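Take a look at the structure set out below.
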Amino acid sequence: MARPAALHVVTREPIEEGPGTGRRIVLVHGSMDRASSFSRLTSRLRDFTVVTYDRRGYAGSAALGPAESFEDQVADLVSVLDGSPAIAFGHSFGGNVVLAAAAAHPELVPVAVVWEAPQPWVDWWPRASASASVGLAEVEPEEQAEWFMRRVVGERVWDRLPESTRRQRRAEGPALQAEISSLVSRPVFEAEDVKVPVLVGRGGQSRPHHRRCSRELVASLARAELVEIPDAGHGAHLTHPSELAAIIRRAPDLL
């Protein structure tokens with residue numbers, strides 16, 4: 001009998017001594033992304049134990065299919081933590097997963113770092129944003145995935161991707177659709193329940209709604225600080241990994 005599909009999890013042990021020695025960090029990717037996109041960031045955290053995983057419905061965890069609820073996303077992160085506390089970093093949608101896990105399990109997530117976690121449930125959030133996509137609710141998941149990717153990476157980059165890559169990304173449409181639905185229907189965490197310290201990052205070149213959301217998130221949390229990479233946009237882990245690693249390295253000092 002075949003074993004049931006499981007999350008694809010990768011643990012990279014420290015490869016040099018440094019201030020992060022003895023520290024463990026779990027990196028949680030955003031929508032239409034995968035753990036491998038953190039490779040540049042991971043290479044700047046050589047003294048940390050770094051845990052990455054493909055969230056369900058993506059890349060190595062595609063066989064699991066999309067999450068049935070946002071709570072499944074939190075449960076997956078808790079399972080990856082496996083009872084051992086760690087710094088948790090979440091990019092975009094992954095930031096919401098980290099904040100919800102920190103609210104429910106502060107003993108496992110004693111400090112969090114999030115980068116531009118979207119909150120499309122607020123009334124001012126632009127309906128045409130990639131994380132809301134309300135106008136695409138009736139299209140096929142594959143079309144929605146392609147629309148999302150074209151908006152995020154740009155038309156030229158999408159058109160230059162190998163057909164096999166574009167086919168894989170389109171196949172991840174159901175996971176994207178489930179995630180968008182989970183965010184637009186209700187808040188996925190209550191700010192007052194997040195008691196742990198949080199570094200909230202944003203890019204100086206990011207879209208206005210991401211910048212505003214990050215600022216308002218800081219104002220709503222009990223123990224939060226806004227940090228910015230002036231030249232970065234939403235994908236700071238790809239374009240500015242050194243600067244983002246420097247922010248993450250500050251997290252243990254907040255404990």
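A few comments on the model shown:
- Of the candidates Ala112, Ala35, the single residue that is under 18 Å from the mean Cα position of the chain (by Cα), surrounded by 23 or more Cβ atoms within 10 Å (Cβ to Cβ) and free of Cβ contacts under 8 Å to residues at least 40 places away in the same chain is Ala35.
- Residue ID - surrounded by the most Cβ atoms within 10 Å (Cβ to Cβ), chosen from residues in the stretch 159-209 that are closer than 21 Å to Leu221 by Cα and charged (D, E, K, R): Arg202
- Filtered residue count, the stretch 30-84, keeping only those that are in a loop (DSSP other than H, G, I, E, B) and either more than 21 Å from Pro187 (Cβ to Cβ) or charged (D, E, K, R) (or both): 18
- Of the residues examined, Val9 is one that is of a type outside the set (Phe, Trp, Tyr), modelled with pLDDT of 95 or more, assigned to a strand (DSSP E or B) and within 30 Å of Arg167 (Cβ to Cβ).
- Taking the criterion of being closer than 25 Å to Pro14 by Cα and in contact with a Pro (Cβ under 9 Å, 6 or more places away or on another chain), the residues of the stretch 46-85 that qualify are Arg46, Asp47, Phe48, Thr49, Val50, Pro85.
- When the helices (runs of 4 or more DSSP H) confined to the stretch 185-252 are screened for residues that are within 18 Å of Pro120 (Cα to Cα), those reaching at least 2 such residues are found at 208-220.
- The residues on offer are Leu217, Leu254, and the sole one that is surrounded by fewer than 20 Cβ atoms within 10 Å (Cβ to Cβ), among the aliphatic types (A, V, I, L, M) and in contact (Cβ under 8 Å) with a residue 12 or more places away in the chain is Leu254.
The values are calculated or read from the model by the stated rules, or taken from the named source; none is laboratory data. Everything numeric here is computed off the predicted structure, so don't read it as measured data. No Cβ is skipped: glycine too gets one built from the backbone with ideal geometry, and neighbour counts run over all protein chains shown.
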